[in-house]
Amino acid sequence: MVNSVRTAKQDVHPVDEILPAWQLGVYGFQHVLTFYAAAVIVPILVASALGLPHDVLEHLIEADLFTCGLASMLQAVGIGKIGVRLPLLQGVTFVAVMPMIAIGTAAGGGIGGLQQIFGSVIIAGIFSYFLAPHFSKLIRFFPPVVTGSVILIIGLALLPVAANDIVAGRGSNTMQDPVQLRNVAYGLGTLFCILGIQKFCKGFVGTIAILLGLVCGTLIAWILGDAQFQDVSAAPLLTVPTPFYFGMPSFRLVPILSMIIVMIISMLETTGDVFATGAIVKKRITEQDIASAIRADGIATAIGGILNSFPYTCFAENVGLVRLTQIKSRWVVAAAALIMIMLGCIPKLAAIMACVPLPVLGGAALSMFATVAVVGIQTLTQVDFDNQNNMIIVGTSVGLGMMATAQPHIADNFPHWAQIVFGSGITLGSVSAMALHLVFNHFMPETEKKSPKQLSLVSDISGHDNLTSFNMKEK
């Protein structure tokens with residue numbers, strides 16, 4: 001009898017193992033701590049760029065956490081063909097930051113800007129859901145020369161957003177002058193705090209360095225009188241995110257196309273995370289698994305637009321945590337998802353996060369976004385640069401992306417439909433990388449091409465997971 005019970009337990013894959021309730025709670029909360037700072041930073045950045053008031057920011061954070069929980073539950077537990085059923089936590093993708101700011105700014109900012117963002121997010125999510133079963137057939141069009149360029153452009157294009165927050169700027173398109181040394185001290189102090197924790201603290205504490213840096217920076221600002229928490233007491237104790245809280249979304253063609261490009265990039269990000277997680281938990285990843293994961297992303301993104309949130313993807317931070325702890329059960333992520341849903345219903349917590357001073361937030365963002373750029377460089381090391389075509393693709397796409405980032409007003413005199421593309425370095429650079437790869441590496445006669453390095457799908461896209469010091473290698 002004992003042997004039969006033991007055999008039955010051994011037949012359960014570690015991914016599907018249901019741990020005791022207290023372990024699910026502890027390990028799930030650990031995932032939330034690792035994830036939290038990165039989860040809330042996107043709504044804060046968008047609200048800052050669009051000039052949204054404090055109460056709107058609080059609601060965006062609540063909606064984000066609540067939808068993060070729903071999305072993670074959908075991915076880890078699954079419904080039918082939706083969800084990959086691996087220990088993968090979902091969060092708002094950084095890829096969407098600059099395109100959403102561009103969409104909102106082009107719409108005049110404020111609530112009207114949010115309505116256009118939410119409309120494009122809903123349609124892009126639906127698009128992702130229906131594209132999911134076909135996406136694996138398109139993977140060959142996104143080798144490291146494209147994914148590496150895109151990830152590098154994302155990191156570089158986001159750095160000015162972090163810099164603007166460090167100097168407490170008046171908007172991502174405005175040069176701050178004069179710059180107060182006090183703000184720079186908060187930003188760099190937060191950054192040095194994060195670096196110190198990463199250097200001297202190992203294990204779990206090291207994985208939540210961003211969150212601890214935000215806490216330390218905010219506490220110092222509060223002691224010095226530069227962080228105010230009076231709005232926390234006014235926030236209600238409990239609430240539930242309301243669909244279309246800011247009014248009905250607005251559906252415009254160009255913002256929708258811009259967000260669809262974001263979701264295509266996000267699909268690559270999710271694919272890399274799924275393969276990385278599959279390798280960690282020793283579970284073979286099939287084409288159907290990729291489709292299921294992307295379907296979950298699409299549904300979560302559409303729900304996000306309805307509940308006043310943003311596009312969702314798998315988070316690499318938590319892929320690294322699975323590797324670090326070797327806790328492989330997807331039910332741990334389900335527990336983390338439940339915790340996030342509850343946090344999303346506690347406005348006081350959102351109000352506390354909304355009180356983080358901009359320079360402190362900028363210091364933490366600088367650390368995260370610079371790391372994204374480094375991951376792009378790591379991915380590009382897989383590219384055969386003896387092939388002149390690849391040099392052209394990377395150089396031109398990065399150059400165009402930085403042009404739109406350094407001179408955001410370059411798009412002002414373009415037709416309205418083109419402003420969102422040319423006003424966002426990420427969108428322009430990403431479209432350029434994809435188009436140039438097709439032109440130079442697919443539409444040329446085979447005799448004109450040099451033989452590129454033969455790389456597997458995992459090598460192509462798993463570089464993103466180096467955000468958590470996890471490096472996939474070919475076997």
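The values are calculated or read from the model by the stated rules, or taken from the named source; none is laboratory data. This structure is a prediction, so every number in the text was calculated from the model and none was measured. Here the Cβ is made from the backbone with ideal geometry for all residues, glycine too, and neighbour counts use every protein chain on show. The accessibility values were calculated without ligands, DNA or RNA, using every heavy atom of the protein model including side chains. Shrake-Rupley method; radii C 1.70, N 1.55, O 1.52, S 1.80 Å.
Here is how the numbers come out for the structure above:
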| quantity | calculated |
| --- | --- |
| Positions within the stretch 225-252 being assigned to a helix (DSSP H, G or I), in contact with a helix residue (DSSP H, G or I) (Cβ under 7 Å, 6 or more places away or on another chain) and open to solvent by 30 Å² or more (accessible area, probe 1.4 Å), in sequence order | Asp231 |
| In the stretch 44-62, the residues that are part of a helix (DSSP H, G or I), small (Gly, Ala, Ser) and surrounded by fewer than 24 Cβ atoms within 10 Å (Cβ to Cβ) | Ala47, Ser48 |
| Qualifying residues in the stretch 115-143 (those that are farther than 18 Å from Leu253 by Cβ and open to solvent by less than 10 Å² (accessible area, probe 1.4 Å)) - the one modelled with the lowest pLDDT | Phe135 |
| Residues located in the stretch 276-293, provided they are crowded, with 22+ Cβ neighbours inside 10 Å and within 22 Å of Val150 (Cβ to Cβ) | Ala276, Thr277, Ile290, Ala293 |
| Top-ranked residue of the stretch 348-374 - restricted to ones that are closer than 15 Å to Leu60 by Cβ and outside any loop (DSSP other than H, G, I, E, B), ranked as most open to solvent (accessible area, probe 1.4 Å) | Ile352 |
| Among the candidates Cys216, Cys201, residue that is in contact with a helix residue (DSSP H, G or I) (Cβ under 6 Å, 6 or more places away or on another chain), modelled with pLDDT of 80 or more, surrounded by fewer than 22 Cβ atoms within 10 Å (Cβ to Cβ) and on the phi < 0 side of the Ramachandran plot | Cys216 |
| Single residue of Gly272, Gly225 found to be in contact (Cβ under 8 Å) with a residue 60 or more places away in the chain and of a type outside the set (A, V, I, L, M) | Gly272 |
| Residues (outside any helix (DSSP H, G or I), in contact (Cβ under 8 Å) with a residue 40 or more places away in the chain and open to solvent by 50 Å² or more (accessible area, probe 1.4 Å)) located in the stretch 382-416 | Asp386 |
| Flag for Gly125 being of a type in the set (Gly, Ala, Ser), assigned to a helix (DSSP H, G or I) and touching an Asp or Glu at 6+ places or on another chain (Cβ under 9 Å) | yes |
| Residue in the stretch 332-347 that is touching a helix residue (DSSP H, G or I) at 6+ places or on another chain (Cβ under 9 Å), part of a helix (DSSP H, G or I) and over 24 Å from Ala21 (Cα atoms) present | yes |
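Here's the yes/no breakdown for (1) open to solvent by 10 Å² or more (accessible area, probe 1.4 Å); (2) not in a helix (DSSP H, G or I):
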{"residue": "Cys68", "(1), (2)": "no, no"}
{"residue": "Ala71", "(1), (2)": "no, no"}
{"residue": "Arg85", "(1), (2)": "yes, yes"}
{"residue": "Gly91", "(1), (2)": "no, yes"}
{"residue": "Gly104", "(1), (2)": "no, no"}
